[in-house]
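**Student:** Below you will find the structure I want to go over with you.
The values are calculated or read from the model by the stated rules, or taken from the named source; none is laboratory data. Note that the structure is predicted; figures quoted are calculated from it, not measured. Note: ideal-geometry Cβ built from the backbone for every residue, glycine included; neighbour counts use all protein chains shown. Note: areas computed on protein heavy atoms with side chains; ligands, DNA, RNA excluded. Shrake-Rupley method; radii C 1.70, N 1.55, O 1.52, S 1.80 Å.
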Amino acid sequence: MTTPIRIAVTGGAGQIAYSLLFRLGNGEVFGPDQPVILQILEITPAMEALKGVVMELKDSAQPLVHDIIATDDPNVAFKDANWVILVGGKPRGPGMERADLLSENGKIFVEQGKAINDNAASDVRIVVVANPCNTNCLVAKSNAPDIPADRWFAMTRLDQNRAQSQLADKAGVLLKEVTNVGIWGNHSATQFPNFEHAKISGKPATEVITDREWLEGEFMTTVQKRGAAIIAARGKSSAASAANAALDTIRSLITPTPAGDWFSAAVWSNGNPYGIADGIFYSFPLRSDGKGNWEFVDGLELSDYAKSKIKATEEELLSEREDVKTML
Ligand code: NAX
């Protein structure tokens, strides 16, 4: 029998986890023959709610789920974990400044980075979803000195999926016709959803959608501010689409990237070919060999417009790093 893989998920009683947990054990990501053990972390006050989620997971009777561990101890949750999906965090409260949000979440990621370092499996890979995800990832990675830098990812896949969908709608084509969408920088309103290298049916997107004003205007702001638009419409932040993007991120890392295409995640910036500063988690277009190795997509020529965008989001990440420097 195939040995189960252990997947740790934090924020297990939250809304993203409520979509995510039920799809980790149904075979769609790791395959129909790969059993999983779910190791779910919550804070102590949410353990009762987590109990209910565990009951529902059991009631889903997914044959690939070999065990479910629910705990409020990070050392238990991350024990021997092959994948860690960090979803749990503190939301921005009323009157909270960005620096407060960074520092409140930073404390969580110091502790969790250490616990991952001390407990996870030697092949562990970590995807950070909780916001501000790029800088949370930086804090956790900085507190996990034994884990190689290339195992850490902050999620910008939801932005990529949003951008792909906007381009497909505008061009009136099926989603699969839109490729080479890359998200650059921070998962925030400064991100650059790069339409200049995107393709639609194999042609440059800018040749298919000739309305440059729409691309630089409505397209960009729709992607950058989609999170707020969903809150305004639904009264709650995006959850199912965020869980879906986390699964897409993992799938992209464990399957070879189709020839000529790429996907996005924020990764350790050292060694990037675009002159972005070292020592931050910055989203780039990436390719994976499907065996756990990824590389930067090299050689993309950036226009002056693109250069100004990728710089602005780099500056924001450098300033976020400044805000958490005591935790690194
Ligand atoms: P919820 O508030 O529904 O759930 C978060 C859960 O995390 C809560 O149950 C809370 O008790 C738990 N938690 C808090 N501190 C914890 C800790 N130290 N250890 C373990 N669990 C802890 O939020 P949800 O809607 O699920 O969103 C989770 C995170 O994803 C938020 O930070 C959110 O901002 C972020 N998002 C990131 C996105 C991305 O694209 N990267 C998009 C969606 C989402 O906004």
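**Student:** Looking at segment 45-149 from every direction and averaging, what is the projected area of its Cα convex hull in nm²?
**Tutor:** 7.5
**Student:** In whole Hz, what ³J(HN,Hα) sequence does segment 198-204 give by Karplus (6.51, -1.76, 1.60; θ = phi - 60°), x for Gly and Pro?
**Tutor:** Working through the residues one at a time gives 5, 10, 10, 6, x, 9, x Hz.
**Student:** Run the simple label-point estimate for residue 149 and residue 26 please: 7 Å along Cα→C-beta, distance reported in nm.
**Tutor:** So the label points at residue 149 and residue 26 sit 3.8 nm apart.
**Student:** What net charge do the residues around residue 46 carry, taking every other residue with its C-beta under 14 Å from that of residue 46, with Lys and Arg at +1 and Asp and Glu at -1?
**Tutor:** -2
**Student:** Next up: Among DSSP bridges having both ends in the chain, what percentage is antiparallel? Round to the nearest 5.
**Tutor:** Restricted to the chain, the bridges split so that about 45 percent are antiparallel.
**Student:** Let me ask something else about it. Taking all protein chains as present, what is the carbon and sulfur share of the accessible area of segment 91-169, in % to the nearest whole number, probe 1.4 Å?
**Tutor:** On the way: 1280 of 2830 Å².
Accessible surface attributable to carbon and sulfur in segment 91-169 totals 45 percent.
**Student:** Next question, about the same structure. If I model a spin label as a point 7 Å beyond the Cα along the Cα-Cβ vector, how far apart are those points for residue 295 and residue 15 in nm?
**Tutor:** 4.1
**Student:** Next up: Of 247, 101, 197, which is farthest on the positive side of the dipole of the chain, counting Cα position, with +1 on Lys and Arg Cβ, -1 on Asp and Glu Cβ, and the Cα centre as origin?
**Tutor:** 247
**Student:** Would you mind getting the accessible area per residue of segment 11-64, heavy atoms of the protein chains only, 1.4 Å probe, in Å²? Kindly include the intermediate steps, with their values, before the conclusion.
**Tutor:** Working: 2490 Å² over 54 residues.
I get 46 Å² per residue for segment 11-64.
**Student:** Further, regarding this structure: Is there a pair in 58/141; 114/325; 203/225; 170/307; 141/325 whose C-alpha atoms are over 22 Å apart, and which pairs would that be? Could you put the intermediate results ahead of the total?
**Tutor:** Numbers: 58/141 33 Å; 114/325 16 Å; 203/225 27 Å; 170/307 25 Å; 141/325 13 Å.
Distance filter (> 22 Å) returns 58/141; 203/225; 170/307.
**Student:** Starting from the residue with the highest accessible area, list 326, 2 in decreasing order, probe 1.4 Å.
**Tutor:** These residues rank, largest area first, as 326, 2.
**Student:** Sticking with this structure for a sec: Ignoring everything but the protein chains, give the 1.4 Å probe accessible area of residue 209 in square angstrom, nearest 10.
**Tutor:** The accessible area of residue 209 comes to roughly 10 Å².
**Student:** Then there is this: Determine the dipole magnitude for segment 214-290: charges of +1 sit on the beta-carbon of Lys and Arg, -1 on that of Asp and Glu, nothing else is charged, the reference point is the Cα centre, and the result goes in debye to the nearest 20.
**Tutor:** So the dipole magnitude of segment 214-290 works out to roughly 380 debye.
**Student:** When the helices in the chain are scored as -39500 (n - 2.57) per DSSP H run of 4 or longer and the sum is shared across all residues, what 222 nm value do you end up with, to the nearest 500 deg cm²/dmol?
**Tutor:** On the way: 11 runs with 127 residues, N = 328.
For the chain, the value works out to -12000 deg cm²/dmol.
**Student:** Amide H neighbours of residue 40 under 5 Å, counting only residues 5+ apart in sequence or on other chains, H built in-plane at 1.01 Å?
**Tutor:** Counting only residues 5 or more places away or on other chains, the set is 9, 69, 70, 71.
**Student:** Quick check: convex hull over the Cα atoms of segment 199-328, volume per residue in Å³, rounded to an integer? Before the final figure, lay out the partial values.
**Tutor:** On the way: hull volume 21.0 nm³, N = 130.
So the per-residue hull volume is 161 Å³.
**Student:** Quick one: if you take sqrt(5λ) for each eigenvalue of the C-alpha gyration tensor of segment 124-214, what semi-axes come out, biggest first, whole angstrom? Mind showing how you got there, number by number?
**Tutor:** Values: eigenvalues 203, 32, 20 Å².
After diagonalising the Cα gyration tensor, the semi-axes are 32, 13, 10 Å.
**Student:** Let me ask something else. Keeping the other protein chains in place, figure out the carbon and sulfur percent of the accessible area of segment 225-328, with a 1.4 Å probe.
**Tutor:** For segment 225-328, the apolar C and S fraction of the accessible surface comes to 52 percent.
**Student:** Over the alpha carbons of segment 264-328, what is the largest minus smallest coordinate on each principal axis, giving the biggest first in Å?
**Tutor:** 36, 32, 16
**Student:** Continuing with this model, one more query. Regarding the chain, what's the average projected area of the Cα-atom convex hull, expressed in nm²? All intermediate terms of the calculation are to be shown ahead of the outcome.
**Tutor:** On the way: hull surface 65.8 nm².
Average projection, Cα convex hull of the chain: 16.4 nm².
**Student:** Nothing charged except the Cβ atoms of Lys and Arg (+1) and of Asp and Glu (-1): what's the magnitude of the dipole of the chain about its Cα centre? Round to the nearest 20 debye.
**Tutor:** Details: 32 positive and 41 negative charges, 84 e Å.
Value, rounded to 20: 400 debye.
**Student:** Contour minus end-to-end for residue 201 and residue 61, with contour as 0.36 nm per residue of separation and end-to-end as the Cα-Cα distance?
**Tutor:** Full extension of this stretch gives 46.3 nm more.
**Student:** Given 0.36 nm per residue, what is the gain on full extension from residue 48 to residue 229 after removing their alpha carbon distance, in nm?
**Tutor:** Length gained between residue 48 and residue 229: 62.0 nm.
**Student:** A further question on this structure: Between residue 175 and residue 111, how many nm apart are label points set 7 Å from Cα along the C-beta direction?
**Tutor:** Reported label-point gap for residue 175 and residue 111 is 3.6 nm.
**Student:** Show 5, 43 ordered by accessible area, largest first, where the area counts protein heavy atoms only and the probe is 1.4 Å.
**Tutor:** Greatest to least solvent exposure: 43, 5.
**Student:** In addition: Using a 10 Å cut-off on Cβ atoms, rank the peptides 234-246, 154-166 from the highest mean neighbour count down. All intermediate terms of the calculation are to be shown ahead of the outcome.
**Tutor:** Working: 234-246: 16.9, 154-166: 25.2.
Top of the packing list down: 154-166, 234-246.
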